[in-house]
Amino acid sequence: MASNYVIKENKTMKLKNIILSVLMLALVSTSCSDQMNYQEYNDYDKDFVTLNFGNVGGLMTTIYLDIDTDFGNFDGALLGSATDESQYAYSGNQIEDFYNGAWSPTNAKSSTWGSSYRGIANCNLFLEEFTDLTFPELQLNSDYPQQMFRYNNYKWEVRFLRAYFYFNLVRQYGDVPFTDRLLTAEETNELERRPAQEIFDFIINECDAVKDEIIADYRNLGDMALPAEPAETGRVDRLTVLALKARTALYAASPLFNKDNNQELWYRAAKANKELLDAAENAKMKLLPDYAELWSRDNYADVSEIIFGRRANRTTNTLEANNFPIGLEGTKGGNCPTQTLVDAYEMQATGLRPDETGSGYDPANPYEGRDPRFELTIAKNGDEKWPNWNSTPLQTYQGGINGEPKDGGTPTSYYLKKYLQAAVDTRPSTSNAFYHTWITYRLGEFYLNYAEAVFRYLGTPYATSSEFPMSAAEAASQTRNRVKMPGIPMGLSNDAFWDKYKNERMVELAFEGHRFWDVRRWKEADKHFKSIDQMKITQNSDGSFNYERKTVNRLWDDKMYFFPIPQSEIRKNPNLTQNPGWDKYLN
């Protein structure tokens, strides 16, 4: 853990300087939600922070800013382009390091290490320095009770956020250094790595401690609502806490971390995900009827399915500029869905993949009759009005307006739709921009999480019990029912159900940041990450098309199940060991 994230006062580091560095981040960053309205700062010592509610709230906003998103974290490339979901259109992008052999402890892709430990340090700072304040000079203010209500909730938000940062670290590195208090630089650089299961236990225990204390619903605060202030739907609430607990329990039970297939861990995961689903049902949440509403410009205002999301600034249209098809004004092409992903979209009439016998797939019309989520997620050859100001049907075939060999032309014959706003205009003369919300937790994920956990615990896809009355097959059918796809059929073997489940998860959660981690926690990267398939389309003289599949190999080594610990951190801390397989890089 880097010493520059240590924030305890000592003879070389004063708390005032720490708060200065923490709050400067709030000045140059946007809030995680347009519904989190806090003041900016021009003085940075502890006395100033504790001067009023808004100043303490600003420190909270700073902590929220370290919640992760992925709108193109690798110079425009999504993490999905390090998986079989997509391929980045430009060679030489740093996303290729994940599969071309350039990944190493000296090229460690370590932004999560830095942002998570910074977030943890800020959480520990808050819990030790800024709780139990009373703001006596503000007691005569008319909104004092409402502001104190929010302030007293901050400690529960912070405990959740600290647990959230630890989850991201364990997911990425396995065993990691742990502290729940402020440390000196010397103490930090003596920490040893703690077992991943211990930290998973800590996260789950923290969620249990917080879930009944934190505000349950910011839309229903009664007398504690601030006058003329909208509900702060961008904040952590009880369902968010239950979501972290449920996801953590699933990861802890998964093969990457549960090497002995301990059934008690699967039981805990099934219980945690059922707890979340029951709480969501009590809150009258449901799957949105339109799959594309999940990433609409106003999705933050509709909490029917989205449990928590981080709001992104609307002042830029970078996401669209990086991913709208090449050949349009102001666009780059960017992250191009693979034929591997396209193959996962089943035929709607039969519920079978195109490569399954009896599916009804027509090779001459390869996109007809597919799962409706295909059209909403992926732009294909011939699509019209993508984006909606483009008057020319897409030509993703070889030599087409939007195809190879143009620089940035899609190497797979597809472009991305999901998360992009069709109304965003990248043309300089008419450019505009809209908000985007990164989906951190949503209800659809937890139906699938529950399905996986209860399948592993009860042993078959159709088994139920008094404690788990919904079977794995029924749960995994929920996201399919939304788009009028056939449910999981009866009579599948365990192996066939597992394949069906993985396929459904790939389709439903495409480009939401799950695939990179799911394949790792299943320990199935050798099946999925050693190659991708592209589609090469050529146009015939009569206007018809030929479709030729091309397989592109990628490098996979089992050491890649976990990230390398940044070598710079190991040099600081003699007690910090490297992850297996990456040791050869140590000096």
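Can you send over the solvent-accessible area of Arg549, 1.4 Å probe, protein chains only, in Å² to the nearest 10?
Around 110 Å² of this residue is reachable by solvent.
For an R0 of 60 angstrom, estimate the FRET efficiency from the Cβ-Cβ distance between Lys406 and Lys286 and round to the nearest 0.05.
So, using R0 = 60 Å, E works out to roughly 0.90.
In debye to the nearest 20, how big a dipole does the chain give about its Cα centre with +1 on each Lys and Arg Cβ and -1 on each Asp and Glu Cβ?
Numbers: 63 positive and 81 negative charges, 137 e Å.
For the chain, the charge dipole is close to 660 debye.
Apply the Karplus curve 6.51 cos²θ - 1.76 cosθ + 1.60, θ = phi - 60°, to the phi angles in the range 424-430 and return the couplings in whole Hz, x for Gly and Pro.
Calculated HN-Hα couplings, in order: 5, 10, 9, 6, x, 6, 10 Hz.
When the Karplus curve 6.51 cos²θ - 1.76 cosθ + 1.60 is applied with θ = phi - 60°, which whole-Hz ³J(HN,Hα) does each residue of the range 519-526 get, with x for Gly and Pro?
3J(HN,Hα) across the range 519-526, in whole Hz: 4, 5, 5, 7, 6, 10, 5, 5.
With θ set to phi - 60°, apply the Karplus curve 6.51 cos²θ - 1.76 cosθ + 1.60 along the range 351-368 and write out the HN-Hα couplings as whole Hz, x wherever there is a Gly or Pro.
Karplus values, whole Hz, x for Gly and Pro: x, 10, 5, x, 8, 9, 4, x, 5, x, 6, 10, x, 7, 10, x, 10, 7.
Tell me, what is the per residue accessible area of the range 251-312 in Å², probe radius 1.4 Å? Spell out each step's value before the answer.
Working: 2710 Å² over 62 residues.
Ligands and nucleic acids excluded, the figure is 44 Å² per residue.
So for the pair Ser531, Thr430, with labels modelled 7 Å out along Cα→Cβ, what separation do we get in nm?
Placing both labels 7 Å beyond Cα along the Cβ direction yields 4.4 nm.
Which value, in Å², gives the accessible area per residue of the range 381-507 when a 1.4 Å probe is used on the protein heavy atoms? It would help to have the intermediate numbers written out before the result.
On the way: 4450 Å² over 127 residues.
Each residue of the range 381-507 exposes 35 Å² on average to a 1.4 Å probe.
Can you tell me the 0 to 90 degree angle between the C-alpha axis of helix 238-253 and the longest principal axis of the chain, rounded to 10?
The answer is roughly 60 degrees.
How large a share of the accessible area of the chain, in percent, is made up of carbon and sulfur atoms when the probe is 1.4 Å and the other protein chains stay in place? Write down the numbers at each step before the final one.
Values: 10790 of 23180 Å².
With neighbouring chains kept in place, the figure for the chain is 47 percent.
With Rg and Dmax of the Cα atoms in Å as the read-out, I listed [x] 26.6, 81; [y] 24.4, 81; [z] 29.9, 98; which label goes with the value calculated from this structure?
Given [x] 26.6, 81; [y] 24.4, 81; [z] 29.9, 98, the calculated one carries the label [y].
Which value, in debye to the nearest 20, describes the size of the charge dipole of the range 70-138 about its Cα centre when Lys and Arg Cβ atoms bear +1, Asp and Glu Cβ atoms bear -1, and nothing else is charged?
220
Under 14 Å from the 7 Å Cα→Cβ point of Thr350, by amide nitrogen: which residues of the range 472-499?
Output list for this probe position: 486.
What FRET efficiency do you get for Lys523 and Lys572 if R0 is 30 Å and r is their Cβ-Cβ distance, rounded to the nearest 0.05?
Numbers: r = 31 Å, r/R0 = 1.03.
Step by step, r from the Cβ atoms, then E = 0.45.
Taking Cα pairs under 8 Å and at least six residues apart, what relative contact order does the chain come out at, in percent?
Once divided by the residue count of the chain, the mean separation gives 18 percent.
Taking 0.36 nm per residue of separation and subtracting the Cα-Cα distance, what length does fully extending Glu192 through Ser465 add?
Details: separation 273, 0.36 × 273 = 98.28 nm, distance 4.21 nm.
My answer for the length gained is 94.1 nm.
Going by accessible area, probe 1.4 Å, with all protein chains left in place, what is the ranking of Glu524, Glu404, largest first?
So, going from the largest accessible area down, we get Glu404, Glu524.
Let me check against my output: what whole-number percent is the relative contact order of the range 221-328, with C-alpha pairs under 8 Å and at least 6 apart? Let's see the in-between values first.
On the way: 67 pairs, mean separation 28.2, N = 108.
That works out to 26 percent.
In degrees from 0 to 90, rounded to the nearest 10, what is the angle of the helix 263-282 Cα long axis to the longest principal axis of the chain?
90
Rounded to the nearest 500, what is the 222 nm mean residue ellipticity of the chain from helices alone, with -39500 (n - 2.57) per DSSP H run of 4+ residues and division by all residues?
Computed ellipticity for the chain at 222 nm equals -11000 deg cm²/dmol.
Would you check the accessible area of Leu576, probe 1.4 Å, heavy atoms only, in square angstrom rounded to 10?
So the heavy atoms of Leu576 present about 10 Å² to solvent.
The values are calculated or read from the model by the stated rules, or taken from the named source; none is laboratory data. Remember, predicted model here, so these are calculated numbers, not experimental data. Ideal geometry is used to build each Cβ from the backbone, glycine not excepted, and the neighbour counts take in all protein chains shown. In case anyone asks, the SASA skips ligands and DNA or RNA and just uses the protein heavy atoms, side chains included. Shrake-Rupley method; radii C 1.70, N 1.55, O 1.52, S 1.80 Å.
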